[in-house]
Every structure is written in C-alpha cells, then in structure tokens.
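> Structure below; questions to follow.
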Amino acid sequence: MTDAKSFPLNAWYAAAWSHEIEHRLEARTICDKDVVLFRRSDGQVSALEDACWHRLLPLSMGRLQGDEVVCGYHGLVFNAAGRCTYMPAQKTINPSACVRAYPALEKHRLVWIWPGDPALADPAKVPDFHWNDGTEWVGEGGTFYNLQCDYRLVIDNLMDLTHETYVHAGSIGDEAITSSPFDVTHTDTTATVTRWMIGIEPPPFWAKQLGRPGHVDRWQIIYFQAPSIVVGDVGVALTGTGAPQGDRSQGVNGAFLAAITPASEKSCHYFWNFVRTFRTDDEQLTREINKAHVNDGRGVYDQDHVVLESQQKAIDKNPRLPFYNLNIDAGALWARRMIDRMLEREQGNSAHVPSEAAE
Amino acid sequence: MAEKMDWRRARLRSMQDLTEDIRLFEIEPAGEFVAPTPGSHINVAVQIGERPDVRSYSIVGPCHDGVYRIAVKLLPDTRGGSRYMWSLAPGAQLTISTPGNHFELGLGRPEYLLLAGGIGITPIYTMALALAQKGARFRLYYACRRRQDLALADHLQEQIGDRLHVFVDEEGARVDLAAEIANLAPGGELYVCGPIGLLEAAKRTWHQSGRPMDQLRFETFGNSGRFASQPFRVRIPRLGREVEVPQNQSMLDALEAAGIDMIFDCRRGECGLCALDIVEADGIVDHRDVFFSDEEKAENRKLCTCVSRMAGGTITVDTADRAA
C-alpha cells in the first residue's frame with residue numbers, strides 16, 4: 001500500500017499563507033493529496049480530503065454552510081472533523097461516511113498541514129520559521145504555486161549559492177562567492193552552510209541596501225531543516241567592523257526564507273520571503289525588495305524558476321543520467337541525506353526514490 | 001475515508017481460546033505488513049459449505065509485531081463464518097485483506113466514552129489501549145451476558161486499571177448510559193460496538209442528550225438482532241416465486257442464490273441499497289440495519305435484506321423487477 005515517495009508524509013508542510021485562507025473553500029495539492037482548506041467561524045483552519053465520500057467530486061467545488069462543507073454534487077455535508085452530517089433522501093447517516101481530516105495549524109503567518117499519520121502530528125514539530133512572523137524581521141513574500149520541479153531541486157538551489165554568480169549576475173551574483181571557502185556542518189535534522197567573503201566589493205543589490213562606500217564582509221549562512229525548510233542569513237557589513245566576530249552593527253542583514261512543499265513527485269509549492277532587520281518601517285523598500293525577487297519574470301527568483309523547471313525537464317529526458325556532484329554540493333547532499341533518513345524511518349526498508357541517483 | 005484494500009496470502013500462526021466461545025487467531029500476512037489503525041478490520045476469505053464468502057473481523061490490539069490478531073465468537077446459528085474460522089488449525093493458509101477502517105478513532109477529543117457489548121470488545125479494546133498510550137481521558141464500559149463471557153478483560157484491567165467498568169447482565173448490572181453521557185466532557189465522543197440492542201439504546205440516549213450525532217461513532221456487524229436467527233420464507237408475488245432463507249444465510253444471499261436480481265453495496269446494513277418493499281409480514285421483522293430510522297423500522301414498510309430477517313414465518317416483498 002505504501003508506494004515509495006520522494007517526500008516524507010509525517011511532517012508539517014506549508015499549505016497556504018494565513019491571509020489566503022478565509023471563510024471559503026480553497027483547494028491545494030500537498031504531497032499528492034488533494035486537500036480543501038477553509039477558515040471556521042472560530043478562526044481556526046480546517047483541512048479536509050478534497051473528495052466527497054460518495055462520488056469523489058472535489059469538495060472544493062461545493063460550498064460552505066456555516067462551518068460545514070456541502071458537496072456540490074448531491075449535497076452531502078461534512079463537518080470540520082470530516083464526518084458526514086447530512087445525506088440526501090434518508091433519515092440516518094451511514095456511520096462509515098467520512099472524509100479524511102488533516103491536522104492543520106497556523107504559525108509564522110503560514111497554514112501548515114500534516115499529510116501523514118495524524119497520530120504523529122505534534123504541533124511542536126512545526127519548523128522554526130520565526131523570521132516570517134512579521135515582527136523583528138520584515139518582508140512581504142509570496143508563493144510559486146505548482147512550480148514544475150521536484151521540491152529537492154529547490155533545496156539544492158538554495159543550499160548552494162555559487163549559482164548566484166551565474167544565475168543572478170548583476171544583482172546578488174559575484175565572483176567572490178565562487179572563490180570563497182565555505183564550511184558545512186549538520187545535526188540529525190539540520191544542515192548549515194556558512195560562507196564569509198572578506199573585504200570584497202559589494203554586489204549591486206547589497207551596495208544599494210548598505211548605502212555606504214567601501215569594501216564589505218559578506219556572509220551567507222544557510223540553514224536547512226528537514227524535510228524542506230531553508231533559511232539563509234545573508235548580509236554585508238563594512239570590512240573591519242567586526243561582522244565575522246559577531247558585530248553586525250555596521251552592516252545590513254537580511255534573510256531569505258523558503259518553505260518548499262511537495263505537490264507531487266515533480267511539482268512543488270515554493271513559499272518564499274525575503275526579510276530584513278534594517279529600515280523595517282520603509283514599506284516602499286519592502287515592495288521594492290519583493291519586486292527584486294519576483295517581478296513578472298525579471299526578479300531574482302524568476303530566474304531560479306526558469307532554471308528549476310528547465311532542470312526538471314532535462315532530468316525527465318535523461319532518465320539514466322545520474323547527477324554528478326561537486327564539492328559545492330555538500331550542503332545539498334547533507335540536506336538530501338536528512339530527507340532520505342526521514343524516508344527510511346517512515347517507509348521502513350522498502351525502497352524509496354533514492355535522491356542521488358537518476359530520477 | 002475509504003482506503004484501498006488489497007488481498008494477500010497469510011498463514012494462521014496460532015490460536016488461543018479467550019472464553020469458551022471466543023477464539024483469538026494470530027495471522028501472519030505474506031509480504032508487506034500494513035499496520036492497522038484503531039478500529040480497523042481485515043477481511044478474511046471463508047468457505048461456507050460449497051460457497052466462498054468474505055467476513056470482516058476487527059483487529060485486536062496494535063499488532064506492533066507484524067501479526068494480525070482477530071477474535072471470533074463461535075455463533076452456531078448464524079451464517080457460518082465463525083464455524084469456518086473455528087475449523088481451522090495452526091498453519092492453515094488464509095487469504096486476507098490489508099486493514100480497512102470504517103470505525104476510525106478521532107484524535108484530540110477532550111474525553112472518550114467507549115462502550116462494548118460482548119464480542120464488540122474487539123475494536124474497543126484496541127481503542128482503549130491506544131487512548132491509554134496517548135494519555136487521553138477515557139472510560140470503557142464493557143457489558144456482557146455472563147461473567148465467563150468476558151474476553152480480554154484481565155488484560156484490559158492490567159493496562160487501563162479503573163478506567164474499565166464491567167457490567168455483567170446475569171448479575172443484574174446495567175450501564176447507566178444517560179448518566180455516563182451526561183458526565184462526558186463537552187465535545188467528547190462515544191464509540192460503540194456491540195449487538196443492535198445496545199447500539200440502538202446508545203443512539204437513542206445520545207440523541208436525547210442533545211449532543212451532535214457525529215460525535216457518536218459506531219460500527220455494525222450486521223449479524224445481531226433482537227431475535228435469534230431462524231429460517232423463514234420469502235414470497236415475491238410479482239415474480240411468482242417463493243424462496244426459503246436458511247438460518248445460516250442472509251435474505252439477500254438467499255434471494256441472489258435463487259436468481260433474483262438484487263442491487264446492494266455495503267452488505268452490513270448501512271447503505272440501504274438492498275432494501276425491498278414489505279407487502280406483508282406474518283411475523284416479526286427483525287430489523288438489524290442502521291440505515292432506517294427507529295420510526296421507519298416501526299412502520300415496517302421496507303427492510304434491508306443484507307442483514308434484517310424475519311423471526312420465523314413468511315414475508316411477502318416486492319422487488320424492482322418489471323416486465324420489459
């Protein structure tokens with residue numbers, strides 16, 4: 001029954017931004033499961049299997065009646081626990097009539113759902129994504145829904161930023177990235193890539209944010225939490241002011257945030273944000289930074305979007321071609337190792353889709 | 001939620017008598033073990049005389065060791081599934097399904113009331129162990145006819161202590177359902193498995209308490225009625241046919257065997273598809289389904305042929321057949 005998947009099911013995955021879920025039916029596909037989300041009148045979010053028990057029509061095509069979902073085909077009604085509370089043309093309700101209710105909660109301005117065994121859904125296991133709370137760190141963010149690639153390709157992308165030099169030349173890319181050493185560490189569930197570039201010319205994006213002349217020390221500290229959260233602590237500070245030793249007061253600090261949710265084996269939802277601790281009241285800057293990332297195909301992440309989808313197409317066309325790995329891939333390989341271990345624990349010894357080999 | 005159930009080979013590893021008429025079967029599946037959730041059952045291919053058939057049995061316990069356990073009560077006067085199971089010896093080859101669940105245990109409720117009658121203890125036992133393990137608040141009420149009919153009670157006592165309350169009918173003990181339901185925390189749920197009388201009492205009491213009906217969960221076995229199973233006769237004037245329903249066969253099976261075209265689905269008294277119109281009944285109609293309401297059952301206008309039967313005598317029914 002358990003088909004080997006490339007993503008663990010026993011994990012919290014971002015399914016929507018909190019502001020996207022109102023008192024109406026909203027469909028999502030999360031880990032190959034069709035889910036309908038809605039906000040109840042008590043403010044909580046519910047997530048149900050998006051297929052009527054009776055004839056499998058997506059419940060998201062129906063409507064809400066109070067806090068219950070009315071199927072748009074024959075009017076069966078399911079409550080927020082997924083239990084049927086009305087069947088047409090009969091006085092009783094078939095006791096086995098229910099749709100699956102997925103554990104759902106809100107944290108860090110996102111709605112998270114647990115597609116696996118609900119008995120294991122511990123709210124304490126929601127990834128640390130506090131940078132997205134909108135308090136200390138500020139940013140707007142967005143989502144690439146249904147990005148047409150394996151979610152792990154996005155993780156690869158973010159865990160190795162040498163790609164900035166080639167994909168994002170002219171904004172954040174810089175030769176210094178490829179020539180600076182980096183350090184990779186890990187725990188049982190996290191991996192961290194740290195790179196410092198000392199005494200460099202700031203790339204255009206960072207020069208503008210810093211707004212001060214002179215050479216800088218640039219850092220990229222990328223933190224992965226299994227299975228699919230990446231947070232990059234990034235910034236620049238004037239060289240010689242002690243940033244590598246911990247004093248970032250003469251610099252500007254941002255963080256790129258990524259919650260990557262598998263939709264299927266070959267598509268994902270990429271919830272992203274770029275947040276900062278400088279000029280946090282400057283709403284125009286917030287908008288500008290968002291536009292620098294996603295702007296009708298011209299933003300930094302738009303460039304990644306093109307690369308990631310093209311890469312997936314190439315993988316599909318070269319099924320026997322393995323990935324070759326470079327030393328720059330150490331962070332990504334540790335991330336994939338953590339995912340593989342989660343899969344092993346979850347799927348037992350049955351073969352899962354090995355991440356290093358050809359897809 | 002309905003899950004896909006796959007058939008596979010299995011081997012009967014061992015058996016153990018829990019009471020004089022309840023036997024525990026340990027079944028090792030060939031190939032991958034699909035872990036059951038509380039409330040799950042497996043289907044077992046059985047042989048009723050010449051006829052292959054299928055029976056569903058609740059899984060007993062969490063089965064962490066990769067072996068399915070089911071408990072079967074020997075019911076000599078019913079449809080013959082239990083007689084077949086009791087005829088098996090260790091090492092017997094079986095065909096079983098992967099687990100399905102029509103009786104899922106909701107998670108995170110403030111309190112649970114578990115109610116088992118007789119052999120209905122099997123899914124309730126598994127639920128109690130799961131709730132105890134989670135540290136959930138629950139009480140288990142276990143009713144049976146005679147003290148020697150209690151199965152799994154000692155083990156339950158060890159595992160859940162004074163959360164187990166036993167009621168032996170013969171000793172005059174009765175569960176005060178209304179009081180127990182009144183004591184249940186708001187949002188708490190009642191899970192019932194047992195004979196139809198117990199289930200109907202639970203439904204009525206729950207309904208009277210004004211609690212949401214979806215918070216009463218139950219599973220039917222479809223083979224218990226207010227009366228013992230007896231043979232009876234079915235008359236179908238439209239077709240000019242008379243069919244004998246033997247004591248060990250359902251009315252639906254007997255009609256099908258006689259070549260009467262029937263529509264059905266669940267075969268356990270839930271969906272109502274196999275219901276026929278009653279034209280006349282010269283005895284008592286023993287409604288064993290959960291599809292019709294109490295009022296509808298009292299009106300006696302239709303019966304679910306998969307589970308309901310006459311307590312002897314003759315029933316005259318009409319079918320959907322029409323001349324072309």
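> With charges only on Cβ, +1 for K and R and -1 for D and E, what is the dipole size of region B:232-318 about its Cα centre, in debye, rounded to 20?
For this selection, approximately 180 debye.
> Return an integer: the convex hull volume of the alpha-carbon atoms of the protein assembly as shown, in Å³ per residue.
Cα convex hull per residue, to the nearest whole number: 195 Å³.
> Let's see if you can work this out: charge +1 on each Lys and Arg Cβ, -1 on each Asp and Glu Cβ, no other charges. What is the dipole magnitude of chain B about its Cα centre, in debye to the nearest 20?
That gives a dipole near 300 debye.
> Give me the inter-chain shielding for B:268-274: mean count of other chain Cβ atoms within 10 Å, whole number please.
So the per-residue partner count for this stretch is 3.
> A further question follows. Quick one: check the C-alpha center-to-center distance for region B:117-179 versus region B:232-292, whole angstrom.
So the separation of the two Cα centres works out to 35 Å.
> Expressed as a rounded percentage, what relative contact order does region A:128-347 have, with Cα pairs under 8 Å and six or more residues apart?
Worked out over region A:128-347, it gives 26 percent.
> Let me know the shape class of region B:112-219, please: from the alpha-carbon gyration tensor, a ≥ b ≥ c as square roots of the eigenvalues, rounded when a/c is under 1.5, otherwise prolate if a/b is greater than b/c, or oblate.
oblate
> Further question on the same structure: Find which of A:268, B:91, A:190 sits farthest along the positive direction of the dipole of the protein assembly as shown, computed with +1 on the beta-carbon of Lys and Arg, -1 on that of Asp and Glu, about the Cα centre.
Comparing the listed Cα positions along the dipole, B:91 ranks first.
> Under a 5 Å amide H to amide H cut-off, with H placed in plane at 1.01 Å, what residues pair with residue A:253 once short-range neighbours are removed?
Answer set, sorted by chain and number: A:277, A:278.
> Considering amide H positions built from the backbone, and no H for Pro or chain starts, which residues 5 or more places from residue A:50, or on another chain, come under 5 Å of its amide H?
A:34, A:35, A:36
> Would you calculate, for chain B, the mean residue ellipticity at 222 nm contributed by helices, counting each DSSP H stretch of 4 or more residues as -39,500 (n - 2.57) and dividing by all residues, to the nearest 500?
Helix contribution divided over all residues of chain B: -5500 deg cm²/dmol.
> Where both partners of a DSSP beta bridge lie in chain B, what percent of those bridges are antiparallel, to the nearest 5?
Just about 65 percent of them are antiparallel.
> So which of A:33/A:266; B:4/B:302; A:5/B:134 end up more than 25 Å apart by C-alpha?
B:4/B:302; A:5/B:134
> Let me ask you something else. Charges at C-beta only: +1 for Lys and Arg, -1 for Asp and Glu. How large is the resulting dipole of region A:286-334 about its Cα centre, in Debye rounded to 20?
100 debye
> A further question follows. Which ordering of B:235, B:51 is given by a fewest-first count of other beta-carbon atoms within 10 Å?
Neighbour counts put them in this order, fewest first: B:51, B:235.
> Using Cβ counts within 10 Å as a stand-in for footprinting exposure, how do B:287, A:168 rank, fewest first?
A:168, B:287
> Next up: For chain B, what is the relative contact order in percent, using Cα pairs closer than 8 Å and at least 6 residues apart in sequence?
Reported as a whole number, the value is 14 percent.
> Now for a separate question. Pairing the Cα long axis of helix A:283-293 with the longest principal axis of chain A, what angle in degrees results, from 0 to 90 and rounded to the nearest 10?
Long axis of A:283-293 versus the principal axis of chain A: about 90 degrees.
> Please work out how much length the chain gains when fully extended from residue A:19 to residue A:73, using 0.36 nm per residue of separation minus the C-alpha to C-alpha distance, in nm with one decimal.
Stretched fully, the residue A:19-residue A:73 segment lengthens by 16.6 nm.
> Averaged across A:95-108, how many Cβ atoms of other chains sit within 10 Å of each residue's Cβ atom?
If you average over the peptide's residues, the count of other-chain Cβ atoms is 4.
> Calculated from DSSP H runs of 4 or more alone, at -39500 (n - 2.57) each and per residue, what is the 222 nm mean residue ellipticity of chain A, nearest 500?
Estimated from H runs of four or more residues: -6000 deg cm²/dmol.
> Spit out the partnerless Cys residues in chain A, using Cβ distances under 4.7 Å as the pairing rule.
Result for chain A is A:31, A:84, A:98, A:149, A:268, no neighbouring Cys Cβ within the cutoff.
> Another one. If a/c stays under 1.5 just call it rounded; otherwise compare a/b with b/c (prolate if a/b is bigger, oblate if not). Do that for chain A, with a ≥ b ≥ c from the square roots of the Cα gyration tensor eigenvalues.
Note, shape of chain A comes out prolate.
> OK, next. I'd like to know which of A:118, A:31, A:90 lies farthest towards the positive end of the charge dipole of region A:13-124, counting +1 on Cβ of Lys and Arg and -1 on Cβ of Asp and Glu.
Comparing the listed Cα positions along the dipole, A:90 ranks first.
Since every read-out is calculated from the coordinates, none of them should be taken as a lab result. Computed from a prediction, not measured in an experiment: that's the story for all the values here. Heads up, the Cβs are rebuilt from the backbone with ideal geometry, glycines too, and the neighbour counts pull from every protein chain shown.
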